[in-house]
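Notes follow once the structure below has been shown.
Please treat every number below as a calculation from the coordinates, not as lab data. In this text, all values refer to a predicted model and were calculated from it rather than measured experimentally. As a convention, Cβ positions derive from the backbone with ideal geometry for all residues, glycine included, and neighbour counts pool all protein chains shown.
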Amino acid sequence: MRFRVSYQLALGLFANIAACAGCRSVVSLEAGASCACTKLAAQYGDLVVLPDSSNYTAESTEYWDVRSDLQPGCIFLPNETTQVSSAVSILQSCGTQFAIRGGGHMNFPGSNNIDGGVLLALNSLNEVVVASDNQSVSVGPGARWVDVYAALAPYDLYCIGGRLKTIGVSGLTLIGGFHYLINKYGMTMDNVLSYDVVLGNGTQVTANETSNGDLFWALKGGGSNFGIVTKFTIKALPIASLSTTIQAFDESAVPAFINASCDLALNDGPDLAAGTVLSISVNTTTNAAIASLLGVQEGTESPPSRFANFSSIPALTVVNKVQPPLEWHSVLETPNQMFRVQFAHHTMKPDGAQLYRIYQGWRAAVQDVIDVEGLYPTFVMNILPKSAASVAKTNGVGNTWGLDDDESWIIWQFSTGWANAVDDLRMTNWARSLSDYWHAENTAKGLASEFLYAGDAGEFQNIFNGYPIENVRRMRAVRDAYDPSGTFTRLNWGGFKLGGE
Ligand SMILES: Cc1cc2nc3c(=O)[nH]c(=O)nc-3n(C[C@H](O)[C@H](O)[C@H](O)COP(=O)(O)OP(=O)(O)OC[C@H]3O[C@@H](n4cnc5c(N)ncnc54)[C@H](O)[C@@H]3O)c2cc1C
């Protein structure tokens with residue numbers, strides 16, 4: 001039975017919990033939540049949402065993946081940074097297990113929500129302020145990317161963030177961040193100038209090039225292992241126009257579509273900022289596959305020349321536009337609660353023939369789960385051109401991925417939606433065994449990279465296994481220095497954690 005905290009229960013347990021004040025060990029979910037929820041409610045009243053509050057269901061289902069809907073003992077909605085500090089001190093002193101939510105898009109249970117513990121939901125910390133010199137934008141951790149693009153638009157500015165509309169700023173920036181224009185400007189993390197962070201004991205620090213430099217580096221791809229980021233200061237870029245293309249192709253075009261994707265990965269040099277979202281979806285009713293390209297290039301040249309290899313493939317539809325960034329992003333919805341979702345992915349050299357074999361293997365394997373209600377299978381390719389690593393190589397800071405900029409990659413991902421919890425294990429096992437098989441074949445052929453991206457990963461994938469081991473050791477040392485009592489390891493255990501030796 002799921003634990004639900006009520007005022008009565010909280011008060012009833014309070015005597016037990018008093019003994020926990022100041023302790024650093026992890027206590028049971030019930031005891032920890034009761035302790036923290038009681039203290040937070042006493043201090044912050046309506047900012048604490050309890051299971052019997054009218055907005056509890058709305059808050060506990062503010063997730064992209066239905067699988068992430070859990071039943072926290074209470075939800076705390078801070079609207080000031082000092083309240084985050086105070087909450088972390090309370091959670092730590094109570095030994096409370098807790099989850100952190102930014103935009104709620106990381107798609108597996110426990111990464112951003114928690115049954116029985118405390119959910120620290122950062123929604124209200126969503127202020128976005130463009131600096132008066134137009135060089136940067138400071139962003140609260142509850143903001144979505146469209147909020148950032150909207151704030152920058154009046155100044156004809158843009159930044160390197162999420163490719164779709166409502167992805168959270170926090171999670172994406174902390175894990176790396178694929179934008180369309182990474183081939184010229186690097187990953188989102190490479191564009192962060194400064195982080196304000198609440199540490200595990202509740203103290204606030206700033207990490208940037210001149211202050212807490214080791215933490216500054218670790219936050220570039222190290223995720224939620226070090227603290228709660230309460231402000232990101234991100235470089236603003238003078239980009240007023242994007243040349244965009246949306247193209248759709250039928251299944252006969254898939255081999256050419258995959259070859260064009262590999263060509264783009266290999267030839268997407270930094271002279272012209274351009275990138276994509278590439279996917280092939282199967283309609284399980286008609287069994288038809290549709291390939292689609294969302295292509296974006298900096299500037300006004302239309303159609304965008306960087307996608308000429310796609311434009312030469314006979315298409316079902318093509319829509320080319322020159323438009324401000326905000327207009328482009330405003331229509332790219334990713335609605336919450338559409339389905340349950342499993343991601344699984346690996347990274348390989350851009351080899352068109354082998355990638356097409358993987359597509360065909362996936363296409364055939366979809367038939368093994370075709371009876372699953374609400375099945376929505378998509379084959380996604382994220383291109384990682386070698387120049388995307390160049391910014392980190394040359395900016396004097398680097399990032400935790402530690403990629404070399406002498407080789408381009410394609411991340412292939414199975415993204416599968418379905419309707420009912422009864423199929424959860426089946427779908428996870430299907431995605432895992434299928435992706436592992438093709439990665440093993442790529443490894444045998446010398447085509448595989450061990451690099452994994454947290455934004456494309458299933459919960460069974462240890463992303464840090466794909467980072468250089470010296471970077472993992474360095475991140476662990478940073479974590480141990482900034483969070484010696486393990487608040488973000490033992491109490492906040494969801495998401496991708498660094499683990500120990
Ligand atoms: C539909 C869809 C489209 C996507 N498109 C892209 C894309 O274009 N580019 C790309 O790179 N990725 C993309 N992703 C992946 C995306 O980057 C991750 O899901 C990312 O985690 C989303 O950030 P969020 O704030 O919404 O996540 P959340 O689920 O809120 O958080 C992710 C993790 O970070 C932790 N966290 C959140 N905020 C903080 C904070 N302030 N301090 C410390 N820890 C925190 C959470 O506890 C959680 O473990 C996409 C995902 C989906 C589902």
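So if we plug the beta-carbon distance of Ala364 and Thr394 into 1/(1 + (r/R0)^6) with R0 = 51 Å, what FRET efficiency do we get, rounded to 0.05? Plugging the Cβ-Cβ distance into 1/(1 + (r/R0)^6) gives 0.70.
Summing Lys and Arg as +1 and Asp and Glu as -1 over all other residues whose Cβ lies under 14 Å from the Cβ of Asp424 gives a net charge of -1. Scanning residues 5 or more positions from Ser194 or on other chains, those with amide H under 5 Å from its amide H are Thr233, with H placed 1.01 Å from N in the peptide plane. Taking a ≥ b ≥ c as the square roots of the eigenvalues of the alpha carbon gyration tensor, the stretch 345-501 is oblate, as a/c is not under 1.5 and a/b does not beat b/c.
Qualifying trypsin sites (Lys or Arg not before Pro) in the stretch 275-346, where qualification requires a DSSP coil assignment and no more than 13 other C-beta atoms within 10 Å, are lacking entirely. Cβ under 10 Å from Phe343's Cβ, Phe343 left aside: what net charge do those residues give with Lys, Arg +1 and Asp, Glu -1? Once all neighbours under 10 Å are counted, the net charge is -3.
Greater than 25 Å separation of Cα atoms is the criterion. Which listed pairs, Lys235/Lys393; Lys231/Lys386; Lys235/Lys386, meet it? With Cα atoms farther than 25 Å apart: Lys231/Lys386. The reciprocal of the average 1/r between distinct C-alpha atoms defines the Kirkwood hydrodynamic radius, which for the chain equals 23.3 Å. Taking label points 7 Å from Cα along the Cα-to-Cβ direction, Gln135 and Thr285 give a separation of 5.5 nm. Computed packing ranks the peptides 359-371, 157-169 as 157-169, 359-371, most packed first, by mean other Cβ atoms within 10 Å. For the chain, the 222 nm mean residue ellipticity estimated from helices alone, with every DSSP H stretch of n ≥ 4 adding -39500 (n - 2.57) and the total spread over all residues, rounds to -9000 deg cm²/dmol. When Glu62, Glu450, Glu327 are sorted by how many other C-beta atoms sit within 10 angstrom of their C-beta, beginning with the fewest, the order is Glu450, Glu327, Glu62.
In a fully extended conformation the segment linking Asp371 and Ala248 would gain 41.6 nm over its present Cα-Cα distance, using 0.36 nm per residue. Here the stretch 82-102 and the stretch 24-59 have alpha carbon centers that stand 10 Å from each other. Between Arg426 and Asp52, the simple spin-label model (points 7 angstrom out along Cα→Cβ) gives 4.0 nm.
Placing one equal scatterer on every Cα of the stretch 165-324 and applying the Debye formula, the log10 ratio I(q)/I(0) at q = 0.18 Å⁻¹ is -1.04.
Among the DSSP helices (H) of the chain, those spanning at least 15 angstrom by Cα along their long axis with an average Kyte-Doolittle hydropathy of -0.5 or more are 7-18, 29-44, 81-94, 254-267, 352-365; this is a geometric and hydropathy rule only. Determine the distance separating the Cα centre of the stretch 133-178 from the Cα centre of the stretch 292-364; give it in Å without decimals. With the stretch 133-178 and the stretch 292-364 each reduced to a Cα centre, they are spaced 21 Å. Among Ile280, Ile246, the order by Cβ neighbours within 10 angstrom, fewest to most, reads Ile246, Ile280. Each Lys or Arg adds one and each Asp or Glu subtracts one; over the other residues with Cβ under 15 Å from the Cβ of Ser86, this totals 0. Distance between the 7 Å Cα→Cβ label points at Ser211 and Ser28: 4.3 nm.
Under the rule a/c < 1.5 gives rounded, and otherwise a/b versus b/c splits prolate from oblate, where does the stretch 242-466 land using the Cα gyration tensor? Oblate is the answer for the stretch 242-466, as a/c is 1.5 or above yet b/c matches or exceeds a/b.
As a proxy for reagent exposure, ranking Met427, Met338, Met187 by other Cβ atoms within 10 Å from fewest up yields Met338, Met427, Met187.
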